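Student: The structure under discussion is supplied below as structure tokens; questions concerning it will follow.
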Amino acid sequence: MATAGDHQAAGEARASLLLVGAALVALLLANSPFAAVYHDLLAAPLGFGVMGLEIENSVKSWIKNGLMAVFFFYVGLEIKAEFREGALADRRRAVLPFAAAAGGMAVPALVYLALAGGDPATARGWAIPAATDIAFAVGLVGLLGTRLVSPVLKAFLLAVAVIDDMGAILVIALFYTAEVQPAALGLAALGMFAFWTLSRAGVARLWPYAILALPLWLAVHQSGISPTLAGVAAALFVPLGAAGGAQPLQAMMGLLRRPVLFGIMPLFALANAGVSLNGFGLAQLMQPVTAGVVLGLLLGKPAGIVLGAWLAVATGAARLPEGTGWTQVAGIGCVAGIGFTMSLLIGALAFGAGPLMDQARFGVLLGSAASALLGAMLLYAARRSALTRDATGLPVA
């Protein structure tokens, strides 16, 4: 009989397949006779007036700054849940994924800078290979099944990905924020205070939080800070529990899960994965941005995760999950090299539109695909090795 976990894993796998499909459709459209129509639709202006403000952006910008704020709100809810009642609630258990995630962000950035750091224009993309796509990574693990990825190993990946996303959010706030408007930032602070007040009062109904979300987003949008950060900040104030046993955070995650996984993320992929491959070859692959992103994701990510985890284990601060070996950690590190959504978002903030962003897109697509393949191969090899040891009566590493 299927369990709730089985249904969730199946849903994550379907969401990942939809995400891959949307990316492939974008690639096909961008390299077809309909390429001009595709790009014109994304560039079409779309505006509205609210609270005395007239806001107009392209369709693509609305997806990046509007819908992705909802995505980040959902990610923020996941982060809070993990820290309060999940794998990161126990400080001793959290040391290993924290160390692995720190290495998994630092090493890819260093690899990128080694290849593309010579020019200030290209160096701005240093954080692109440092990000992990939770939906793709967890979805791939769901496709591989529990025979290749044990529940404890999946929990490790999720913890690393959540911490990674938290780090990516801080990177966006600190390094990819334009000039700040103090007045609008003050209004955003008032909005956050309102969220805090609702949380402290134990308000369990979702509609008061939803009503406050739009003015908060508008204030952050006008402040010069990436509006996606409004989603994360607001999520941190949604209470886990309230009077009468209500669970607002879990209820909101349940409400948003399908729209985010099956709507917002595929739309983002459809809008951002459409890079023209016309003329791309070995010479283009050797461009600093493309090479930095590909090698950062494919080599830097697993190397950083293994290094961070090894240092934590070697110093006695943590230990590997029971039944887990270093080949499996390396495999999970490769799976974490699927950057896609977060990497493309950081690339858009770093480069905007133009040739450098095209190189970044190509690098993210190639690096993520190669990371997924290598991760699956390593996890399969680890499983075969474990079966061989079992058959010969030797202990499983």
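Student: How many residues does the range 117-155 hold that are crowded, with 24+ Cβ neighbours inside 10 Å, more than 11 Å from the chain's Cα centre (by Cα), hydrophobic (A, V, I, L, M, F, W, C) and outside any helix (DSSP H, G or I)?
Tutor: 2
Student: Within the range 156-183, which residues are part of a helix (DSSP H, G or I) and surrounded by fewer than 17 Cβ atoms within 10 Å (Cβ to Cβ)?
Tutor: Pass one, the range 156-183, residues part of a helix (DSSP H, G or I): 156-175, 182-183.
Answer for the range 156-183, where residues must be part of a helix (DSSP H, G or I) and surrounded by fewer than 17 Cβ atoms within 10 Å (Cβ to Cβ): L170, A173, L174, F175, P182, A183.
Student: Residue check, R384 against (1) at pLDDT 90 or above; (2) assigned to a helix (DSSP H, G or I), all met but one. Which one?
Tutor: So R384 meets the others, but not (1).
Student: Taking the stated definitions as given, is A370 touching a helix residue (DSSP H, G or I) at 6+ places or on another chain (Cβ under 6 Å), of a type outside the set (F, W, Y) and at pLDDT below 90? Lay out the reasoning, then the answer.
Tutor: Details: touching a helix residue (DSSP H, G or I) at 6+ places or on another chain (Cβ under 6 Å): yes; of a type outside the set (F, W, Y): yes; at pLDDT below 90: no.
No: the conditions fail for A370.
Student: Also, I was wondering about something else. I need a count of the residues in the range 156-200 that are of a type in the set (D, E) and either over 30 Å from V335 (Cα atoms) or more than 23 Å from the chain's Cα centre (by Cα) (or both).
Tutor: Total meeting the criteria: 1.
Student: Something else about it: Kindly indicate which of A114, A81 is over 20 Å from the mean Cα position of the chain (by Cα), of a type in the set (A, V, I, L, M, F, W, C) and in a helix (DSSP H, G or I). Working first, answer last.
Tutor: Values: A81 fails: over 20 Å from the mean Cα position of the chain (by Cα).
That would be A114, the only listed residue that is over 20 Å from the mean Cα position of the chain (by Cα), of a type in the set (A, V, I, L, M, F, W, C) and in a helix (DSSP H, G or I).
Student: Residues in the range 119-147 that are of a type in the set (G, A, S) and touching a Gly at 6+ places or on another chain (Cβ under 7 Å): how many?
Tutor: Narrowing the range 119-147 to residues of a type in the set (G, A, S): 121, 123, 125, 127, 130-131, 135, 137, 139, 142, 145.
Applying the additional criterion that residues be touching a Gly at 6+ places or on another chain (Cβ under 7 Å) yields 123, 125, 131.
Total meeting the criteria: 3.
Student: Can I ask one more? Which one of these is surrounded by fewer than 24 Cβ atoms within 10 Å (Cβ to Cβ), assigned to a helix (DSSP H, G or I) and touching a residue at least 40 places away in the same chain (Cβ under 8 Å): A317, A330, A369, A309? Even if it seems obvious, please write down each step before you answer.
Tutor: Numbers: A317 fails: assigned to a helix (DSSP H, G or I); A369 fails: touching a residue at least 40 places away in the same chain (Cβ under 8 Å); A309 fails: surrounded by fewer than 24 Cβ atoms within 10 Å (Cβ to Cβ).
None of the others qualify; the one that does is A330.
Student: Looking only at the range 276-306, count every residue that is among the aliphatic types (A, V, I, L, M) and not in a helix (DSSP H, G or I) and tell me the total.
Tutor: Step one: list which residues in the range 276-306 are among the aliphatic types (A, V, I, L, M), which gives 277, 282-283, 285-286, 289, 291, 293-295, 297-299, 303, 305-306.
Going one step further and asking which of them are not in a helix (DSSP H, G or I), we end up with 277, 286.
So the answer is 2.
Student: Within the range 201-275, considering only helices (runs of 4 or more DSSP H) that don't extend past its boundaries, which have at least 1 residues that are crowded, with 16+ Cβ neighbours inside 10 Å and within 19 Å of the chain's Cα centre (by Cα)? Break it down into steps so the answer makes sense when it comes.
Tutor: Numbers: elements: 207-223, 228-235, 248-259, 265-272.
Where helices (runs of 4 or more DSSP H) fall fully within the range 201-275 and carry at least 1 residues being crowded, with 16+ Cβ neighbours inside 10 Å and within 19 Å of the chain's Cα centre (by Cα), they are 228-235, 248-259, 265-272.
Student: Being modelled with pLDDT of 90 or more and under 16 Å from the mean Cα position of the chain (by Cα) is the filter; apply it to the range 329-342 and report the residue that is nearest to L148 (Cα to Cα).
Tutor: From the range 329-342, those modelled with pLDDT of 90 or more are 329-338; that's our starting set.
In the following step, the residues that additionally are under 16 Å from the mean Cα position of the chain (by Cα) were identified as 332-338.
Values: I332: 11, G333: 14, C334: 14, V335: 13, A336: 16, G337: 18, I338: 18 Å.
Among those that are modelled with pLDDT of 90 or more and under 16 Å from the mean Cα position of the chain (by Cα), it is I332.
The values are calculated or read from the model by the stated rules, or taken from the named source; none is laboratory data. On a predicted model such as this, the values are computed, not experimentally measured, just so you know. Backbone-built Cβ (ideal geometry, glycine too); neighbour counts: all protein chains shown.
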